[in-house]
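First up is the structure itself, then whatever we jot down about it.
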Amino acid sequence: MLLFFALCFVGVAIAGASAFVIFWPLTLVHIRDRHAGTEADFGPGAFIDPAALRWLLSGGYRSVRDGSLSGLATPARISLFTVIAGLSMAALLWLLAEVA
């Protein structure tokens with residue numbers, strides 16, 4: 001039963017990843033088009049750039065004061081948290097199933 005729930009959390013992580021690949025590129029394009037030259041402009045290759053992901057997770061987009069940017073970045077942030085939490089819970093349940 002534990003492995004079933006672990007698999008369910010993997011499914012939750014996949015759903016979060018699907019939302020992330022939709023909203024994060026839209027956020028990066030919005031930054032490139034409307035806020036070029038600011039500290040939020042990460043340049044090319046920002047999709048998996050650790051600095052850009054750290055900026056997203058910490059909510060750095062709120063300092064830009066753009067409602068459209070917040071509307072795109074907030075779902076990307078929530079989906080990234082969902083991926084991290086889903087995979088973490090799946091790993092925890094898998095380890096628990098191995099021990100028990």
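The values are calculated or read from the model by the stated rules, or taken from the named source; none is laboratory data. Small disclaimer: the values here were computed from a predicted structure and weren't measured. Note that each Cβ is placed from the backbone with ideal geometry, even for glycine, and that neighbours are counted across all protein chains shown.
Please find, within the range 53-75, the residue that is surrounded by the most Cβ atoms within 10 Å (Cβ to Cβ) out of those that are in a helix (DSSP H, G or I) and of a type in the set (Gly, Ala, Ser).
Ala73
Would it be correct to say that Ala85 is modelled with pLDDT under 95 and more than 25 Å from Ala40 (Cα to Cα)?
In short, no.
Can you name the residue in the range 6-38 that is free of Cβ contacts under 8 Å to residues at least 12 places away in the same chain and part of a loop (DSSP other than H, G, I, E, B) and, of all such residues, is surrounded by the fewest Cβ atoms within 10 Å (Cβ to Cβ)?
Only one residue tops the list, namely Gly37.
For the range 59-86, which positions are hydroxyl-bearing (Ser, Thr, Tyr) and either closer than 17 Å to Glu39 by Cα or over 8 Å from the mean Cα position of the chain (by Cα) (or both)?
Tyr61, Ser63, Ser68, Ser70, Thr74
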